Amino acid sequence: MIAPGAWLGVLGGGQLARMFAMAAHRLGYRVAAVDPDPDCPAAGVVDRHICAALHEPAAWQALADLCAAVTIETENAPGAALRFLDGQVFIAPQASALEIAQDRALEKRFLAAHGFPAAPFHVIVTEDDLAAAATAVLLPGLLKSCRFGYDGKAQVPVSSAAELESAFAQLGGPCVLEQRIALAAELSVIVARAADGSTAVHPVPMNHHAAGILDLSVVPAPIPAPVRQEAIDQALRIAAALDYRGVLCVEYFLDKAGRLLVNEMAPRPHNSGHFTIDACRTSQFEQQVRVLAGLPLGDSGLIHAQGAVAMANLLGEVWTAGDPDWGSALSHPHAWLHLYGKRLPRPGRKMGHLTCLADSVEGALQAAVSIRSRLARTPDL
């Protein structure tokens with residue numbers, strides 16, 4: 001066990017690092033973060049900001065010299081950094097798990113090799129692979145870049161061989177072509193897994209995306225309980241197959257035939273798990289700290305077991321009509337406002353989120369949507 005008072009490190013300085021640092025401070029740890037942006041969200045919260053690129057070996061050495069354990073807040077962290085640190089400090093996750101989640105082709109092949117259901121796919125590395133992909137009964141589909149795609153970026157819908165060729169020229173290789181799924185719902189499961197194999201799982205949210213970006217999450221997911229349990233069971237088996245340590249998010253598609261399909265994995269806390277800060281006994285960020293420090297995992301259940309919670313992202317569009325009406329959020333007795341300290345709002349940029357508790361999913365969702373609309377000084381939806 002790494003005792004409170006020690007230093008914990010994080011590669012990345014975004015809002016996930018900021019919330020990780022807040023959880024670590026509450027448990028008595030000091031935090032160092034590496035990020036090249038002097039104004040990154042974590043900069044004003046961490047005890048030491050190492051202002052350097054994530055791929056800079058000198059920054060890795062600085063973490064090794066200072067910290068007892070190191071984690072990540074972005075899957076774009078270099079696997080080489082974790083390999084460098086491994087053996088000098090405790091790391092979570094391991095480089096092997098990170099590199100699978102970083103690459104869609106590796107991720108899809110990992111899922112297929114271990115028998116986890118996913119949308120049919122074809123890997124396209126060069127133009128020579130286009131013809132086989134177009135005839136693999138995958139159209140209409142989505143062409144996704146294998147790396148550096150998030151929030152709907154680096155993916156293009158395609159319906160014909162000609163569109164596929166054009167999209168591949170736009171994205172460049174390598175890519176994965178996925179068959180488009182007739183969706184009934186999107187779900188996610190947040191798993192914390194310790195080095196000894198013990199696990200804790202948060203309640204399953206149902207997620208709604210707008211323009212590829214997570215918009216709303218509601219808990220408990222309003223789907224049959226056996227489907228929620230199947231999602232949890234699969235996520236636990238995925239974490240075990242990876243021999244994972246840390247916090248892992250597994251995202252799912254539920255199709256209209258009732259099939260649960262793994263969409264992708266995120267080797268870190270996830271936007272859809274932000275509700276855990278206010279609604280759960282142990283948040284996803286505290287679980288990340290506990291894994292890193294070798295502490296027992298906390299109870300991940302809802303504080304009010306019979307209640308419901310909704311999380312609404314606050315994007316830069318909320319600032320379009322000027323400064324938001326913060327009183328609309330802060331006056332609600334069961335709503336919590338989280339801002340990430342980003343100075344410049346812009347369309348599509350995640351600036352913060354709202355969490356609303358209620359007796360029902362419908363009530364929590366209605367409160368979150370209503371408060372957000374008033375923040376943006378627009379009529380209630």
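Here are a few things to note about the model shown:
- Cα-derived Rg to Rh of the stretch 1-75, Kirkwood definition: 0.93
- Label-point gap, in nm, between H25 and A184 - each point 7 angstrom along Cα→Cβ: 4.4
- Distance between the stretch 214-249 and the stretch 291-355 - C-alpha centres, whole angstrom: 21
- Modelled label positions at D243 and N76, each set 7 Å beyond Cα in the direction of Cβ, lie 3.0 nm from each other.
- Translational diffusion of the chain, µm² s⁻¹ [Kirkwood Rh, Cα pairs; Stokes-Einstein; 37 °C; 0.692 mPa s]: 153
- Label-to-label distance, D37 versus A53, with points set 7 angstrom from Cα along the beta-carbon direction: 1.7 nm.
- Value at 222 nm in deg cm²/dmol, rounded to 500, when DSSP H runs of n ≥ 4 in the chain each add -39,500 (n - 2.57): -8500 deg cm²/dmol
- The stretch 112-173 versus the stretch 47-83: alpha-carbon centroid distance in Å: 32
- Contour minus Cα-Cα distance for A131 and R109 (0.36 nm per residue): 5.9 nm
- Each Lys or Arg adds one and each Asp or Glu subtracts one; over the other residues with Cβ under 10 Å from the Cβ of C249, this totals -1.
Where a number appears in this text, it was derived from the coordinates with a stated rule and is not lab data. Quick caveat: nothing in here was measured; it's all calculated off a predicted structure. Please note: Cβ atoms are built from the backbone with ideal geometry, for glycine as well, and neighbour counts cover all protein chains shown.
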